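Data first, discussion second: the structure below is written as structure tokens.
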């Protein structure tokens with residue numbers, strides 16, 4: 001079965017015109033993508049948010065008091081006499097709180113002091129409780145729109161992970177373990193809980209199906225360095241790979257499938273690497289029955305944040321011409337012009353300039 005036919009069986013919209021496959025998502029203004037794209041932001045507790053608002057209100061009040069005090073000769077007190085500092089503070093508080101002057105006006109210093117120290121804080125607290133939530137939502141949407149606009153104009157050479165299930169989360173963990181900045185990882189999924197989990201790690205998230213070209217364009221697939229295809233279904237993986245490869249001809253596309261019989265479909269669809277999740281897990285299960293220590297070693301190598309890990313590095317100029325078997329590092333293979341040669345291959349007898357080495361490195365856990 002050809003990959004195009006498999007994709008048509010997997011998705012009812014394959015084969016239609018491109019105009020029919022898009023709802024204009026990529027043509028929408030950035031501010032309308034709030035909710036589709038979610039940019040990571042600093043987490044602030046409610047107490048911190050209230051403290052910041054109170055500090056901001058205090059700064060605004062202080063500025064108003066200074067201005068009124070410097071220009072106090074232009075003000076008239078209905079009770080008579082010149083304005084003192086306390087009068088200026090009182091005027092500023094009732095003005096900023098939009099209270100204004102009523103039919104009952106405190107005239108004695110004690111009454112005005114009570115107004116400043118008790119009535120105004122209560123009034124500010126009331127405003128925070130009453131309209132604070134609405135203001136927070138509006139300002140958050142504005143901040144998200146600005147972040148989205150900046151991100152879409154600058155994002156380059158990032159990694160797009162399509163599907164944030166078990167495989168997608170493990171892929172992100174490996175990427176973060178390789179010191180890739182969380183802000184350069186974009187997760188595409190339709191599950192809101194999965195997107196919330198990704199956002200909590202500081203990842204950029206896009207709410208939408210990875211089978212849609214307009215959703216992938218919003219995720220910046222056409223400018224991505226690598227694309228990880230990790231949906232739950234193999235037929236969906238074929239369609240996602242076809243769509244991603246069409247949009248990003250030069251990106252590294254890595255796909256995961258459950259069944260080995262679908263590997264050739266992913267290869268024909270444009271995947272550079274295909275990982276068979278079920279067979280890999282099955283082999284490890286079988287090995288664990290007789291050689292559990294080997295399985296533990298595999299898990300150690302695949303865990304990037306502790307113990308041993310497989311890494312890739314450039315060849316040092318001093319190492320050119322030597323054998324990779326005689327290097328201090330445990331070398332597993334040599335990558336030359338995009339081709340991987342195992343360390344026991346004849347092509348890997350001597351290291352050449354421009355080669356990259358696959359080796360086992362020791363990972364030191366970060367101190368808490």
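Coordinate-derived values only; no laboratory data. Because the structure is predicted, anything quoted here is derived from the model rather than measured. Ideal geometry is used to build each Cβ from the backbone, glycine not excepted, and the neighbour counts take in all protein chains shown.
So here's what we get for this one:
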{"quantity": "Separation of alpha-carbon centers, the stretch 279-321 and the stretch 166-238, rounded to whole Å", "calculated": "25 Å"}
{"quantity": "Residue order, fewest to most beta carbons within 10 Å, for 162, 330", "calculated": "330, 162"}
{"quantity": "Three-way shape label, the stretch 209-326, alpha-carbon gyration tensor, a/c 1.5", "calculated": "oblate"}
{"quantity": "Least to most buried among 285, 301, 216 (fewest other Cβ within 10 Å first)", "calculated": "285, 301, 216"}
{"quantity": "Packing-based exposure ordering (other Cβ within 10 Å, fewest first) of 37, 180", "calculated": "180, 37"}
{"quantity": "Potential lengthening between residue 53 and residue 284 on full extension [0.36 nm per residue; Cα-Cα distance subtracted]", "calculated": "77.6 nm"}
{"quantity": "Cα-derived Rg over Rh, computed across the stretch 148-219 with Rh taken as Kirkwood radius", "calculated": "0.93"}
{"quantity": "All-pairs Cα distance distribution in the stretch 306-363, expressed in whole percent, bin size 5 Å", "calculated": "4, 22, 34, 24, 10, 4, 1"}
{"quantity": "Order by protection proxy (mean Cβ within 10 Å, highest first), peptides 60-67, 262-269", "calculated": "262-269, 60-67"}
{"quantity": "Distance (nanometres) between label positions extended 7 Å along Cα→Cβ at residue 246 and residue 312", "calculated": "2.8 nm"}
{"quantity": "Cα-projected label distance for residue 362 with residue 179, points at 7 Å along beta-carbon direction, nm", "calculated": "1.8 nm"}
{"quantity": "With 10 Å bins from 0: P(r) over the stretch 165-261, alpha-carbon pairs, percent", "calculated": "16, 53, 30, 1"}
{"quantity": "Tensor-based shape of the stretch 275-324 (alpha-carbon gyration tensor, a/c under 1.5 rounded, otherwise prolate or oblate)", "calculated": "prolate"}
